[in-house]
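Any read-out appearing in this document is the output of simple, stated calculations on the displayed coordinates, not a laboratory observation. The model shown is predicted, which means the values in this text are computed figures rather than measured ones. Note that each Cβ is placed from the backbone with ideal geometry, even for glycine, and that neighbours are counted across all protein chains shown.
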Amino acid sequence: MSTQLIEKIREKASGYSDEQLALLEKVVNIDSGSGYEKGINEVAQVFGSFLDSLGAEVNYINCEGIGTNIVAKFKGTESNGKILIVGHMDTVFQEGDTKEHPFRVDGDYAYGLGVADMKGGIVAALYGLKIMHELNRLPDMEIVVVLNADEEIGSQQSRPIIEKELGGVRYAFVFEPSRDNAGIITERKGVGGFTVEVFGREAHSGSQFEYGKNAVVELADKILKMNDITGIRPGVTVNVAVIEGGSKANIVPGYAKARANVRVEDVESMHIVEEKMKSLENDVINEGIIVKVNGRFNSPPMKRTADNLKLYEIARRAGNRIGLNLEETKTGGTSDACFLSAKGIATIDGLGPYKYNTHEKTEHILIKSLHERTMLFAVILSEFNNEAG
């Protein structure tokens, strides 16, 4: 790649810095928590219009109760394969939160709900595309951008939309936020959710204590046994986080429930954990009580595959060209990169700006990293001018 092209990319990224930040402010100030269709639809219109202005073929796909998803396509030589760009427009926040916590700039940082996770990443991706479009240097491959509406709640409705576009995809880029070491994510844990319900028998705690079947006591045993699953294999963690049970202190509780979040590093651990969780149904300590376990893994681990490493090397090389040292990073969080990688597609994640306090009202990014990630993606795209074919 020529030094001249690098300087053109740098010049354009610098020239768009204020405009880029203004777009980020606009979408961050729109409430788009998972399930809030009105806000997600507004964000989709903003991003969809931007992609349309670049000449992409933009399709809006609505999922009832979730909102609008975007599939935008830049045509290229089909035989060269596809590049897939994935991001999500939903956040973890509620309607009305942005009014209390609007976008703001404080020194080197931009604050706002979803500014890191992951509206900042989408804005970086779109401006990377814009720069290369204007330089007439987009790779001669089909480029597909999918922006979904429900990643924060597991991408259950949007996943089929993404999967429909996977034919011919050679490389996938996910724009979740990066860490402050400028890392690129090549490996993530898989995640599952499980619910344990205990059905006992209510009774008066004084006159009929022996008749009662205490569901809370049984659940306490199950919570400890779930906790013991942590560490049965490297990287396995079980977080029992939500507990319900009982109504009044003078009533033997007849029902109790606990919900747990589970993280694993490999598929074998997924199967082992599922078996351990299901076995709780047959491990009842109080006769007459019924235990039911429901749940599954909704995101497989993103393994550190040879294909992921090859794509990481392309990104690392692109980073070096603009003075960035991109470390390879592993994280316990999940994203759409997990199932893309599990499909055998070369995938890297964490391409968004540097994050701080995600999922908190003080969420923020380092502003200069937004521009760095924009340049980075533009340079990565230029690398594929050599890769195509």
query: Which lysines have a Cα less than 23 Å from the Cα of LYS119, not counting those fewer than 8 places away in the same chain?
result: LYS12, LYS26, LYS38, LYS73, LYS99, LYS130, LYS189, LYS330, LYS355, LYS361, LYS368
- prompt: How high is the relative contact order of the chain, in percent, with contacts defined as C-alpha pairs under 8 Å that are six or more residues apart?
  reply: 23 percent
- prompt: Given springs between every Cα pair under 10 Å in a Gaussian network model of the chain, which of GLU244, GLU142, GLU287 has the largest fluctuation?
  reply: GLU287
message: Sort CYS63, CYS338 by Cβ crowding within 10 Å, fewest neighbours at the top.
response: CYS63, CYS338
- request: Report the net charge of residues surrounding GLU7, where surrounding means a beta-carbon distance below 14 angstrom and charges are Lys +1, Arg +1, Asp -1, Glu -1.
  value: +4
statement: Here the percent of antiparallel bridges among DSSP beta bridges lying wholly in the chain, to the nearest 5, is 70 percent
Lysines with Cα under 18 Å of LYS225, excluding same-chain neighbours fewer than 8 positions away: LYS257, LYS276, LYS278, LYS292
message: How far apart, in nanometres, would the label points at LYS257 and ASP18 be if each is projected 7 angstrom from Cα along the Cα-to-Cβ direction?
response: 5.4 nm
field: Residues of type aspartates and glutamates that LYS222 reaches as a straight line, Cα spacing below 15 Å, ignoring anything fewer than 8 places off in the same chain
entry: GLU197, GLU244, GLU274, GLU275, GLU281, ASP283, GLU287
message: Let's test the formula: R0 of 56 Å, r as the Cβ-Cβ distance of LYS164 and ALA249. What FRET efficiency results, to the nearest 0.05?
response: 0.55
- prompt: What value, in deg cm²/dmol to 500, does the helix sum -39500 (n - 2.57) over DSSP H runs of n ≥ 4 give at 222 nm once divided by the residues of the chain?
  reply: -11000 deg cm²/dmol
query: What percent antiparallel are the DSSP beta bridges of the range 180-331, to the nearest 5?
result: 90 percent
task: Can you pull the one-decimal nm distance between simple spin-label points at GLU95 and ASN239, each 7 Å off the Cα toward Cβ?
output: 2.8 nm
query: Looking at the range 190-299, what % of the alpha carbon pairs are farther apart than 25 Å?
result: 25 percent
query: What is the spin-label model distance, in nm, from ARG104 to LYS330 if the labels are put 7 Å beyond Cα along the C-beta direction?
result: 3.9 nm
message: Test of understanding: ordering LEU126, LEU21 by Cβ neighbours within 10 Å, fewest first, what list do you get?
response: LEU21, LEU126
- prompt: Between GLU78 and ASN136, what FRET efficiency comes out of the Förster formula 1/(1 + (r/R0)^6) with R0 = 25 Å and r the beta carbon distance, rounded to 0.05?
  reply: 0.80
field: Stokes-Einstein D in µm²/s, Kirkwood radius over Cα pairs - the chain at 20 °C with 1.002 mPa s viscosity
entry: 96 µm²/s
